[in-house]
Structures are given as C-alpha cells and as structure tokens.
1. From the backbone phi of region 305-312, what are the Karplus-calculated ³J(HN,Hα) couplings (6.51 cos²θ - 1.76 cosθ + 1.60, θ = phi - 60°) in whole Hz, Gly and Pro given as x?
2. Going by the alpha-carbon gyration tensor, a ≥ b ≥ c the square roots of its eigenvalues, is region 21-82 rounded (a/c under 1.5) or, if a/c is not under 1.5, prolate (a/b greater than b/c) versus oblate?
3. Sticking with the crude label model, points 7 Å out along Cα→Cβ, report the distance from Q180 to D58 in nm, one decimal please.
4. How high is the FRET efficiency between E142 and E221 when r is their beta carbon distance and R₀ equals 30 Å, given to the nearest 0.05?
5. Report the extension gain between Y71 and H268 in nm, rounded to one decimal, defined as 0.36 nm multiplied by the number of residues separating them, less their alpha carbon distance.
6. Using a 7 Å offset from the Cα along the Cα-to-Cβ direction at both R275 and N297, what is the distance between the two label points in nm, to one decimal?
7. With a point put 7 Å past each Cα toward its Cβ, work out how far R191 is from D304 in nm, to one decimal.
8. Hey, how many Å between the Cα centroid of region 128-158 and the Cα centroid of region 275-305?
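Only the coordinates and a few stated rules stand behind these numbers; no lab work does. All figures in this text were calculated on a predicted structure; none of them were measured in a lab. With ideal geometry, Cβ positions are generated from the backbone for all residues, glycine too; neighbour counts draw on all protein chains shown.
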Amino acid sequence: MKKIWINLLFLLLIGFTFYAYETKSIYVGLGYSRISFNDGIICVVRSKPASVIVLTSDGRFISEIAIGLSYPINAIHRSGMVFVSDYYKASVLVYTIFGRLIKKINVGTYPTTIKLDKNKIYVACSGDRSVYKIDTNSLDVENQYNFDSASLYFEIFHDKLVFLYYFDTDKTYEVITTDQKRTQLRINNLRTPIRYFEKNNHAYILGYTDGIVVCLKDGKEIWRVNSSDFAKDMILTDDYIVVTSLLESVATMISYDGRIAKKIPLPHPTHRICRVKDKLVFLNHLPGQVYVYDPKNSVVKDLDVGTYAIDMVQISDYEIAVLCSDSGELYILNLM
C-alpha cells in the first residue's frame, strides 16, 4: 500500500511539473494600459499621469519617458528610438530609449494607434480621419492617407494599408496599395470590423459586435461563420481561425473551408489571444487570468496574474508579457 501511494504521489508531481510554467512579476505602477514589444524592448503606456516606461525583454527597467508628453496613447520601439503618439499634441514624439527627446513629428489631430512595418511607422489620427506614414530613418512624414471616417483599426500587409471602418455602417474596409491604388469594400451585415488577416490569397475579416468571420477572395465573399458576439480578437493558425469572445466563456475554432470545428470552453470570457509555438494563449480581464490551451490533449491550464489584465504581447518563442493595469504589474510568463 505504501508503495502505491508513493507511485501516485510521483505521478502527481510529474503532472504539476508539466504545467508549472515559469512566471515573473515586475511592478511598473498603476494605470498603465497599453503594451508593445519590438527589437527586444517592451514599452508600457499610461495616458494620465503621462508616462511611458521602457524595459528590456526580461523586465529590467531602462527609463521612464514623461517630459514633453501630454496624453500618450501608444508607443513602440525601433532601432534605439521610442515613437509615442500624443493625443493632445497632434504629434508623434521620438525619444531615445533613455528618455531624451529627439524630434516632434507633426501629424493630424488626435493620433492614436501606432503600427510598425519594416522601417515605417503608421499612426491613425481620429481628428482628420487619416493615417500618416513616417520613415524611421529620416523621421519625416512620407504620406498622409485620408479616409471617409475615423477608426482606431488598420493593418499593414505586404506594404499594403488596410483601413477598417469600425464606426461607419456604409463601408467595411479600404485598401491602399504601394502604387496608391485604392479599393473600398462593403460587406453586407458585418458591423464594427476589428481584425483583418491574409493567408493563401484569401482575406479574413472579423466583425466585433456579432462575431462574424468572413472569408474573401479578390474582394468577394466566399463564406461567413457566426461565432460568439463581441468577438474582440482573432488569429490564424496553420489549420484554424481562432476567435475570442467578451460575451461567452468560449473560443471558436473555424476551419479554412468555413466550418466551426470546435468550441473551446474557457473559465471566463477573453479579449486577447496569441499563439506560442503549438499552444493558444488567451487573456482574461477579470479576475485576471491567462488560459493556455494545448490542442494535442485539449487541456486548458489557467494561470493567475494581476488585477485587470488588460493586454499581452509575445516577447520570444516561448514567452509572453501581460500588463495588469489595476495592480500595476507586468508579468512575464515562460510557456516552454
């Protein structure tokens, strides 16, 4: 009998070891709500009091940028410089990673979302319904793309700008190619487009409110699938499209021929998703948890993080960084 209990305890310890992911917590301060990662540098942003904290990928503090900021919205690192969109200053402010201001680049009013593609920075400006393209070498504005209404959502694919008309019911998205050719499309009965991807000459677009995923080829609809409403995020894997929901405690796996292949039960609704090697990682606001789904055995492992886990980014092949606004913590999770 004693030998049996020893063997059971040994097996139990093996199981715990298998799921014992390494977790590290770094206190950054209350109220930081946006995070980015690029070129080995993490940036976390707080709008009020205005602050951008710059850290290494293992969470070591480099600097805090505060001087010269009014109301920062997003920040991203590129080649030793930090680009910050400042909502009230109608500009992108460029700093060294140690906090010295290099240049103020004037853009449109109310700049918000920043994206990086190669050596170009793109910033959406709500005030003049534009996206500005900035060269990260010259630090000059290269182009201004005007649209029919404002949006926080756009994507860059193969040097192509895809603008999502989130607040406009008459249009769905607009594509601008490198030769400045513009194509505007409307998808019937798809509201609030929030995510857009391309794969194998097909486009996939997600409508937030109704959780509709539409597949298109050459701008024409091939199929659509209804997932759970209030679908906040979507990714494409080798075999499936995976969609989260703020309404239901599930994630929906959709095959590339337009079928719901599986619904993954989760402990709580989730708003962010990323893929780490062969695992799917979901983020929950409250109570503040990370759910790691292994498709090999369909097991979901939940990991507690800080209060109001607002955003996450992948920082290495096996690591993610999770920003917790209310507890002021940055978690680094190794999921190897």
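1. 10, x, 6, 6, 6, 9, 7, 8
2. On the way: a/c = 2.02, a/b = 1.31, b/c = 1.55.
Oblate, since a/c reaches 1.5 and b/c is not below a/b.
3. Inter-label distance under the simple model: 4.9 nm.
4. 0.35
5. Stretched out fully, the Y71 to H268 stretch lengthens by 67.7 nm.
6. 2.2
7. Rounded to a tenth, the inter-label distance reads 3.8 nm.
8. 34
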